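Asker: Structure below; questions to follow.
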Amino acid sequence: MIAIGCDHGGYALKQEIIKDFDEKGISYIDFGTHDEASVDYPDYAKQVCHYVLEHEKAQGILICGTGIGISIAANRHVGIRAALCHDCFSAEATKLHNDANVLCLGGRVVGPGLALKIVDTFIHTDFSNEERHRRRVEKIED
């Protein structure tokens, strides 16, 4: 399951991602926001991160205007490895090497076409499970 959330700056991009998920039959839970009224991004980061931490196979997607604030808020949660990605290479590498469980995007930085490719790359890439990467992730979690 994919947990998705955003602030007002990420609302339009979140709607594009949800539309794509609906077309592809990808299961998700939408934690909001549900319109473009100004809200505080840490509230949505908290909800998505709690869901990801409580559900073993869950992944999260968080979006704000730049992706920066929401990624900082997400990484405050122990066990969350959130990565701000604006290209497919980074989205793939962060899953392969860092076992990232939350993707952060900037709704005012990356267009919907590229964002959909980044999301697809992130959700369909698995952790490599190589010893050197496991060791590094363990050090992050300590």
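Asker: In the stretch 121-142, which residue that is outside any helix (DSSP H, G or I) and of a type outside the set (D, E) is farthest from L103 (Cα to Cα)? Give the steps one after another, and end with the answer.
Answerer: So the first thing to find is which residues in the stretch 121-142 are outside any helix (DSSP H, G or I), and the list is 124-130, 142.
Next, from what is left, pick out any that are of a type outside the set (D, E): 124-125, 127-129.
Working: H124: 12, T125: 12, F127: 14, S128: 17, N129: 19 Å.
Across the stretch 121-142, the extreme among qualifying residues is N129.
Asker: Considering only the stretch 4-38, how many residues are in a loop (DSSP other than H, G, I, E, B) and over 24 Å from V78 (Cα atoms)?
Answerer: Going through the stretch 4-38, the residues in a loop (DSSP other than H, G, I, E, B) turn out to be 7, 25-27, 31-38.
Filter again for over 24 Å from V78 (Cα atoms), leaving 25-27, 34-38.
Residues meeting the conditions: 8.
Asker: Report whether or not A73 is in contact with a Cys (Cβ under 7 Å, 6 or more places away or on another chain), in a helix (DSSP H, G or I), in contact (Cβ under 8 Å) with a residue 24 or more places away in the chain and farther than 16 Å from D30 by Cα. Steps first, answer last, please.
Answerer: Numbers: in contact with a Cys (Cβ under 7 Å, 6 or more places away or on another chain): no; in a helix (DSSP H, G or I): yes; in contact (Cβ under 8 Å) with a residue 24 or more places away in the chain: yes; farther than 16 Å from D30 by Cα: yes.
No; evaluated as a whole, the condition is false for this residue.
Asker: With respect to the numbered conditions (1) closer than 17 Å to C6 by Cα; (2) hydrophobic (A, V, I, L, M, F, W, C); (3) surrounded by fewer than 18 Cβ atoms within 10 Å (Cβ to Cβ), which one is the sole condition not fulfilled by L84?
Answerer: (3)
Let's see how each residue does on (1) surrounded by fewer than 18 Cβ atoms within 10 Å (Cβ to Cβ); (2) farther than 30 Å from D20 by Cα; (3) in contact with a strand residue (DSSP E or B) (Cβ under 7 Å, 6 or more places away or on another chain):
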{"site": "C104", "(1), (2), (3)": "no, no, yes"}
{"site": "G113", "(1), (2), (3)": "yes, no, no"}
{"site": "K117", "(1), (2), (3)": "yes, no, no"}
{"site": "F127", "(1), (2), (3)": "yes, no, no"}
{"site": "V137", "(1), (2), (3)": "yes, yes, no"}
{"site": "D142", "(1), (2), (3)": "yes, yes, no"}
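Asker: Suppose the filter is within 12 Å of the chain's Cα centre (by Cα), farther than 17 Å from M1 by Cβ and of a type outside the set (S, T, Y); does A45 pass it?
Answerer: Values: within 12 Å of the chain's Cα centre (by Cα): yes; farther than 17 Å from M1 by Cβ: yes; of a type outside the set (S, T, Y): yes.
So A45 passes the test.
Asker: In the stretch 82-98, what residues are assigned to a loop (DSSP other than H, G, I, E, B) and over 22 Å from D30 (Cβ atoms)? Give the derivation first.
Answerer: Filtering the stretch 82-98 down to residues assigned to a loop (DSSP other than H, G, I, E, B) leaves 85-87.
Answer for the stretch 82-98, where residues must be assigned to a loop (DSSP other than H, G, I, E, B) and over 22 Å from D30 (Cβ atoms): H86, D87.
Asker: Right, something else. Can you confirm whether Y11 is in contact (Cβ under 8 Å) with a residue 60 or more places away in the chain and more than 12 Å from the chain's Cα centre (by Cα)?
Answerer: Details: in contact (Cβ under 8 Å) with a residue 60 or more places away in the chain: yes; more than 12 Å from the chain's Cα centre (by Cα): yes.
Spelling it out, Y11 is indeed in contact (Cβ under 8 Å) with a residue 60 or more places away in the chain and more than 12 Å from the chain's Cα centre (by Cα).
Asker: Counting only residues that are among the β-branched types (V, I, T) and not in a strand (DSSP E or B), which one in the stretch 61-70 is farthest from Q47 (Cα to Cα)?
Answerer: Initial filter on the stretch 61-70 (among the β-branched types (V, I, T)): 61, 63, 66, 68, 70.
Subset that is not in a strand (DSSP E or B): 66, 68, 70.
On the way: T66: 19, I68: 17, I70: 12 Å.
The qualifying residue farthest from Q47 (Cα to Cα) is T66.
Asker: Pairs only if they're at least six apart or on different chains, beta carbon under 6 angstrom, first in the stretch 101-121 and in contact (Cβ under 8 Å) with a residue 40 or more places away in the chain, second of a type in the set (D, E, K, R); list them, first residue then second.
Answerer: Once the first residue is in contact (Cβ under 8 Å) with a residue 40 or more places away in the chain and sits in the stretch 101-121, its partners that are of a type in the set (D, E, K, R) give N101/R81; P112/E16; L116/D20.
Asker: Of all residues in the stretch 49-81, how many are farther than 17 Å from V109 by Cα and not small (G, A, S)? So that I can check it myself, show each step before the final result.
Answerer: Let us first name the residues in the stretch 49-81 that are farther than 17 Å from V109 by Cα, namely 49-60, 73-81.
When the remaining residues are screened for being not small (G, A, S), the result is 49-57, 59, 75-78, 80-81.
The total comes to 16.
Asker: Next question. Among (1) within 29 Å of E130 (Cβ to Cβ); (2) out of contact with any helix residue (DSSP H, G or I) (no Cβ under 7 Å at 6 or more places or on another chain); (3) at pLDDT 95 or above, where does D40 come up short?
Answerer: Only one criterion in (1) within 29 Å of E130 (Cβ to Cβ); (2) out of contact with any helix residue (DSSP H, G or I) (no Cβ under 7 Å at 6 or more places or on another chain); (3) at pLDDT 95 or above is unmet by D40, namely (1).
The values are calculated or read from the model by the stated rules, or taken from the named source; none is laboratory data. Values in this document were obtained by computation on a predicted structure and should not be read as measured data. Cβ sites come from the backbone with ideal geometry, for glycine too, and all protein chains shown count toward neighbours.
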